[in-house]
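The values are calculated or read from the model by the stated rules, or taken from the named source; none is laboratory data. This structure is a prediction, so every number in the text was calculated from the model and none was measured. Please note: Cβ atoms are built from the backbone with ideal geometry, for glycine as well, and neighbour counts cover all protein chains shown. With ligands, DNA and RNA removed, areas are computed over all heavy atoms of the protein, side chains included. Shrake-Rupley method; radii C 1.70, N 1.55, O 1.52, S 1.80 Å.
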Amino acid sequence: MSPTPTSSPTPPPVPHIRPSRRTVLAATAAAGAVTVGPSAAPAASAPAMPTAELVDTPARSAEAAPQGPRPPATAQAPSRELRTLLKEIDPDRIEATVRKLVSFGTRHTLSTQDDPDRGIGAARDWILAEMRSYAAGSGGRMTAELQSYVQEPASRIPTATRITNVVATLRGSVTPERVYVVSGHYDSRVTDVMDATSDAPGADDDASGVAVAMELARVMAKRRPASTIVFAAVAGEEQGLYGAAHMASRFKAAGTDVQAMFTNDIVGSSKADDGTKDPPPASGRGDPHLAPLAIRLFAEGVPTSETPEQAATRRSVGGENDSPSRQLARFVRDTGDNSATGMHVRVVYRRDRYRRGGDHIPFLEQGYAAARFTEPAEDFAHQHQDVRVEGGKQYGDLPEFCDFGFTARVARVNAAALWTLAQAPAAPRDARILTAALTNSTELTWKRGAEPDLAGYEVVWRETTAPEWTHVIPVGDTTSHEVDLSKDNVFFGVRAVNRAGLRGPVSFPLPQV
């Protein structure tokens with residue numbers, strides 16, 4: 001395929017020729033990024049690939065939305081089905097959920113579990129009842145249950161304590177063995193992490209994240225995803241990530257193919273402690289009420305679960321910026337940073353913030369790809385604080401400091417990524433770069449997926465210093481492809497495409513002799 005630079009996401013077909021190093025690198029120098037789009041002619045030996053938008057062209061209109069940074073070459077515009085789903089996400093329902101959770105006074109993990117009106121037990125029972133009400137309209141596809149265990153005395157757990165997650169599972173209709181998880185934690189705290197009796201409203205941290213997971217469960221329960229989606233409200237986060245660790249270990253013990261996990265933790269406010277908001281870079285002109293806002297997505301580079309053998313390979317060929325979690329973060333940017341969500345996804349190359357941790361970490365420890373959503377600039381007066389007025393300033397994690405329209409946008413980013421993940425093909429397995437022969441071209445191989453609607457594959461690549469994929473080459477329904485570029489000079493990846501034109505996450509190939 002001749003990767004000719006273009007400013008349009010749908011260039012006209014071009015004759016099929018193998019790109020030479022000179023052609024590709026000259027185009028790169030001229031354009032900065034080249035997309036050989038799916039509308040370009042595929043190889044003569046491969047079936048035609050489906051056409052799909054790779055960039056969100058409506059979002060680039062000056063009249064429709066502010067001008068933003070150039071999207072990655074791998075970006076996918078929301079389908080009509082997804083846009084309809086995103087419109088159903090309701091800020092008023094999110095606000096009602098946050099305020100209801102606050103009404104239980106405290107949701108501390110060590111608080112009472114048998115009072116119908118106060119404490120973590122009352123919050124647990126209400127969340128379960130809500131999830132079951134969503135499941136009732138799912139035609140039997142969704143179930144909701146409690147996932148409990150007794151945590152023996154440990155750090156921040158002075159006596160044996162029952163810790164309970166509320167888990168709603170929407171079973172996939174085509175590839176149910178593939179599982180995607182979204183969560184928030186419903187426990188809360190004040191200044192003293194062991195204070196289980198004082199009011200701990202926990203509106204932002206983390207009723208907001210629970211509201212995101214519950215709103216997604218409500219909206220998606222009526223739909224039929226190809227793969228399975230799990231919506232969870234977990235406990236024990238403030239005491240040490242206990243609920244998430246239990247859930248991740250159960251998935252691992254059962255051999256569950258969790259392909260991605262997102263935790264939403266502190267996603268309730270768009271304002272920093274000085275009252276400013278964090279717009280995307282170069283946001284330009286536009287209605288300030290419609291202008292994109294930013295959400296941070298924390299994604300680790302070197303995998304937490306990396307083995308010594310994997311570390312040796314990484315040190316040899318690179319890939320510190322190409323872990324499964326980094327590819328997941330790029331996929332969120334590709335699908336969730338557009339006019340339909342009203343959000344700019346700011347990927348942060350860290351596992352989490354300084355001296356902090358979240359419920360994605362136990363999933364990383366089990367070898368699953370996972371990432372954390374958190375608001376762009378936290379206001380620490382309104383998290384982990386006793387409710388009080390001091391020096392004329394209100395402290396405490398109260399709902400009046402939340403921005404429910406912002407949280408709805410966060411939910412839309414989650415929905416865009418999760419729904420596309422569930423509907424698109426999985427990331428290719430066993431992607432490899434053949435290294436038996438030292439040449440100035442690169443031969444890639446991978447295993448064909450089992451999805452019934454699989455249409456083919458695309459090879460992507462970028463300079464080793466580039467954060468996003470800059471080039472896309474459709475290669476058809478095949479399990480190998482040779483590119484006339486040196487594997488020593490650039491990074492490669494492979495992604496699958498289905499007949500509807502949905503692209504899955506990129507797999508980063510490892511060397512194979």
Output the pairs from 87/447; 100/277; 222/252; 277/487; 252/447; 87/271 with a Cα-Cα distance over 32 Å in this structure; if there are none, say none. 87/447; 277/487
Using 0.36 nm per residue of separation minus the Cα-Cα distance, give me the extension gain between residue 394 and residue 257 in nm, one decimal. 44.8 nm
Sorted by packing (mean other beta-carbon atoms within 10 Å per residue), highest first, where do 137-146, 363-372 land? 363-372, 137-146
What value in Å³ per residue do you get for the convex hull of the alpha-carbon atoms in the range 384-447? 232
Subtract the Cα-Cα distance of residue 429 and residue 311 from 0.36 nm times their separation in residues, and report this length gain in nm to one decimal. 40.5 nm
So between residue 353 and residue 463, what do we pick up on full extension, going 0.36 nm a residue minus the alpha carbon distance? 36.8 nm
Sorting check: for 390-396, 200-206, 469-475, which peptide has the highest mean count of neighbouring beta carbons within 10 Å, and how do the rest follow? 200-206, 469-475, 390-396
Ranked by accessible surface with a 1.4 Å probe, highest first, in what order do 355, 171, 99 come? 355, 171, 99
Sorted by accessible surface (1.4 Å probe, heavy atoms of the protein chains only), largest first, 103, 325 come out as 103, 325
Rounded if a/c is under 1.5, else prolate if a/b is larger than b/c, else oblate: which is the range 434-506, with a ≥ b ≥ c the root eigenvalues of its Cα gyration tensor? oblate
Compute for the range 355-513: radius of gyration divided by Kirkwood radius, i.e. Rg/Rh, restricted to C-alpha atoms, rounded to two decimals. 1.15
Beyond 18 Å, what share of the Cα-Cα pairs of the range 290-406 is found? Please give it as a whole percent. 61
Expected sort for 374-382, 160-168 on mean C-beta neighbours within 10 Å, highest first, is 160-168, 374-382
At a 1.4 Å probe, what is the % contribution of carbon and sulfur to the accessible area of the range 79-193? 47
Is the shape of the range 176-316 rounded, prolate or oblate, going by the alpha carbon gyration tensor and its root eigenvalues a ≥ b ≥ c, with a/c under 1.5 for rounded and a/b larger than b/c for prolate? rounded
